[in-house]
Amino acid sequence: MKVHEYQARELLVSFGIPVPPSMVIERIEDAREAFAQSTLGMPKPLAVVKAQVHAGGRGKAGFVKLVKSATEAEDAARFMLTHRMVSPQTGPEGLEVKKLLVASAVDIAHEFYLAITTDRMSRRNVLIASREGGVEIEQVAHDRPEAILKEPLHPTLGLQPFAARKIAFQLGFKGKQVAQAVNVMMALAKLFEAKDCSLAEINPLVLTPPDDANPPHADGRVVAIDAKFNFDDNGLFRHPDLQRIAEASESEEDPSEVRAHKAGLSYIALEGNIGCLVNGAGLAMATMDIIQLHGGKPANFLDVGGSASEQAVTEAFKIILSDHAVKGVLVNIFGGIMRCDVIAQGIVNAAKEVGFKVPLVVRLEGTNVEAGRKLLESAKANIPTLQPATDLADAARKVCAAVA
Ligand code: GDP
Ligand code: MN
C-alpha cells in the first residue's frame, strides 16, 4: 500500500516529528491562497510546491519547486497540474498529478537520510542513516556504501536511546541538534513499530541554519521535509486510519491491480501482449522469462497462489481478458496445493462468462491434472482457441507464435 507525502507528513506529525506546516490543493486557483497561508509571518516568504504522486524523483523531474511569490506558486501549480510527471520511477508514460502540497519552505544547511526497514540478512529491523541525504541516496549507496550507516534495532526493545545518540554523533550533529535528531529517530522507530511498516523513510531530514534570535534553535532545527512509508498489508486490519488511506488511494492505482488485490491475487500490469496466469511467484517469473526468450512480451505478472478458489481463478481470467492489449493467454500451472481441476474450472467459467476471443495456451501438470484435462476436454466446444501444451517451452513457443 502506498501513501502520499502529505499523508506521510500527517503520520510524522502525529508521532511528534517536526515537519513544516503545509496544505493540499487540487486547483490552480487555490495556489495563491495556499502560498499566503504557508508563508504567513515569514520575513522572506518562501514556499515549496510539490506534486503528490505515488513515485519519487520529483525534485529532478521539476515537480518540487521553491516559490517566492503567489504568482510563482500559481505558475508552479499550473505546470504540475497540467503535465504528467515522468521520473525514473514512473515509466515513460508518467503519472497524472491531481494533488499538490504547498508547504512552508525551510532554509537548508544540510540534508540527511534516515530510514527504518527490515534487514533480511540479519533478520532484524535496522536504522539506516546517511550524511548524504537528498535526491541521490540510491547513487550514494551504490558508489560509496561506507557513507551509509546501519544500526540494528534490538529485537524486543526496538531502537535504544544510546544507539540513536551514537548515530546522531556519527552523522555530525552537534550541541542542541543532537537531542533533536535523537527525538526524530526514536519517534520514527515508534511509528515503524506501531503502524506495522516495512519501510519508514525521511529523505531529506534537514538541518536548518543557526538562528541566534531563537535560543532553542541557536544551533539550527532538525525537520523532516519528505517522507515515504511502506506498510505490511497483512497488518492493515489493525489500522483503520491506514485502511481509509488505502481506500482513498485506490482510485489512483491501476484498476486491474486493485481488483486483483481484492480477489487475493498478486497481479502487476506490464506492457506486453501475452496474458499470463501462473501459480507461484517463482514459476511466474520463470514463465515471463521463457516468454521473452521466445520473442514474446508478457502483459502481466499474475500469481494465483496456492489457495485461490474457483471464483478467484475465474476473476483472474476476467482481469487478464479485460486488458485490450492481450492478444494471447498462457496458463502455466504446476499443481501442488493448487489443484489443476480448479484452474480448469476457472477457464471453463471464464469462457462461459466472457469468452476467450484470443488464443489460449494451457500447460497443466501436477495435482489433479487428469481431472483438469477432462474438464477442458469436455468444454472444448466453448473454448475454440484452446491449445494444450506439453511442457513450458512448448507452451511459450505456441503462445508466442499465436500472437506473432
Ligand atoms: P523527491 O525528489 O520526490 O524526493 O522530493 P523532496 O521532497 O525530497 O525534494 C527534493 C529536493 O528539493 C530536496 O532534497 C531539497 O533539496 C529540495 N527541497 C524540498 N523542500 C525544500 C525546502 O523547503 N527548502 C529548500 N531549500 N529546498 C527544498
Ligand atoms: Mn525525497
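Bear in mind these aren't lab numbers, they're just calculated from the coordinates by the rules spelled out. A quick note: this is a predicted structure, and the numbers were derived from the prediction, not measured. We place every Cβ from the backbone using ideal geometry, glycine too, and count neighbours over all the protein chains shown.
Each label was represented as a point 7 Å from its Cα along the Cα-to-Cβ direction; for GLN170 and ASP212 these points are 3.5 nm apart.
Against the main long axis of the alpha-carbon atoms of the chain, helix 281-293 sits at an angle near 70°.
Taking 0.36 nm per residue of separation and subtracting the Cα-Cα distance, full extension of the segment from ALA141 to MET285 would add 49.1 nm.
Shown for the stretch 255-403 is the translational diffusion coefficient from the Stokes-Einstein equation, using the Kirkwood radius over Cα pairs, a temperature of 37 °C and a viscosity of 0.692 mPa s: 225 µm²/s.
Its residue count N sets the reference 2.2 N^0.38 Å, and the alpha-carbon radius of gyration of the stretch 209-281 equals 1.89 times that reference.
Summarising the strand pairing of the chain, around 75 percent of its internal DSSP beta bridges are antiparallel.
Taking every alpha-carbon pair in the stretch 21-104 and binning the separations at 10 Å intervals from zero gives 21, 52, 23, 4, 0 percent.
May I ask you to list the trypsin sites (Lys or Arg not before Pro) in the stretch 297-404 that are in a DSSP loop and have at most 11 other Cβ atoms within 10 Å of their Cβ? Here the trypsin sites (Lys or Arg not before Pro) that fit, given the DSSP loop and packing criteria, are LYS357. Computed from the Cβ-Cβ distance with R0 of 56 Å, the FRET efficiency linking VAL13 to GLU365 stands at 0.55.
Report the full-extension gain for the segment LYS60 to HIS154: residue separation times 0.36 nm, less the Cα-Cα distance, to one decimal in nm.
30.2 nm
Residues of the stretch 21-53 with an amide N closer than 17 Å to a point placed 7 Å from the Cα of THR71 along the Cα-to-Cβ direction: 29, 31-33, 35-36, 45-47.
For the stretch 27-170, the fraction of alpha-carbon pairs lying more than 22 Å apart is 55 percent, rounded to a whole number. Sparse packing (at most 11 other Cβ atoms within 10 Å of the Cβ) combined with a DSSP loop state is found for the following GluC sites (Glu not before Pro) in the stretch 87-122: GLU93.
Qualifying GluC sites (Glu not before Pro) in the stretch 222-257, where qualification requires a DSSP coil assignment and no more than 16 other C-beta atoms within 10 Å, comprise GLU253. With one equal scatterer per alpha carbon and no solvent term, the Debye-computed log10 I(q)/I(0) for the chain at 0.07, 0.10, 0.12, 0.14 1/Å reads -0.44, -0.80, -1.00, -1.17.
With the convex hull of its Cα atoms as the shape, the stretch 110-242 has an orientation-averaged projected area of 8.9 nm². The angle between the Cα long axis of helix 70-82 and the longest principal axis of the Cα atoms of the chain comes to about 10 degrees, rounded to the nearest 10. Measuring against 21 Å, Cα to Cα, the residue pairs LYS166/LYS228; LYS2/LYS50; LYS174/LYS228; LYS150/LYS228; LYS2/LYS195; LYS60/LYS228 contain LYS166/LYS228; LYS174/LYS228 as the ones spanning a longer distance.
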